[in-house]
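Here the structure comes first, spelled out in structure tokens, and everything after it is commentary.
The values are calculated or read from the model by the stated rules, or taken from the named source; none is laboratory data. Note that the structure is a prediction, hence the values are computed from the model and not measured. With ideal geometry, Cβ positions are generated from the backbone for all residues, glycine too; neighbour counts draw on all protein chains shown. To get the accessible areas, we keep the full protein, side chains included, count just its heavy atoms, and leave off ligands, DNA and RNA. Shrake-Rupley method; radii C 1.70, N 1.55, O 1.52, S 1.80 Å.
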Amino acid sequence: KDPTLTTRTFIWDAIILKLTKRPFIGYGILNQQDYIKITLNSFATSAHNLVLAILMAGGLLGGIIYIFIIGNALYRENKQYNKYDLPIVVAILIFLIIGITSESLLYSEFSFILFYMLLFEKEGKGNK
């Protein structure tokens, strides 16, 4: 296998360099052409990393908000999860693991469905 993860490490280096110029608020949601300009690589049409994509879009502020959302979704006051929580927790973990080398799930229908389920599940607990 390619030790650069199919040139992903070069893409990540270019993105990290760009992030040093606007670390707090990022650059907003970028399209494929933006990534090609940043990386000078016509095949680099995304960050290929969930964390870097979030930081590019919202900077450290966006990253903190994202961590808060995930933490809030996983937090249970009584530290106990019921049988309905398990699929949601597993989905979040899969989402985060896949995010190591791809951010494709970030802007997909899956992420919106997942976060909607989390919101619905949280609201359902408050009504009991």
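Could you tell me how many cubic angstrom of Cα convex hull volume region 1-49 has per residue?
So the per-residue Cα hull volume is 72 Å³.
Extending each Cα 7 Å along its Cβ direction at ILE94 and ASN82, get the distance between those two points in nm, one decimal.
Spacing of the two 7 Å Cα→Cβ label points: 2.2 nm.
Kindly report the accessible area of region 15-89 per residue (heavy atoms of protein chains, probe 1.4 Å, no ligands, DNA or RNA), in Å².
With the other protein chains kept in place, region 15-89 gives 66 Å² per residue.
Take PHE43, PHE10 and sort them by solvent-accessible surface of the protein heavy atoms, 1.4 Å probe, largest at the top.
Putting PHE43, PHE10 in descending order of accessible area: PHE43, PHE10.
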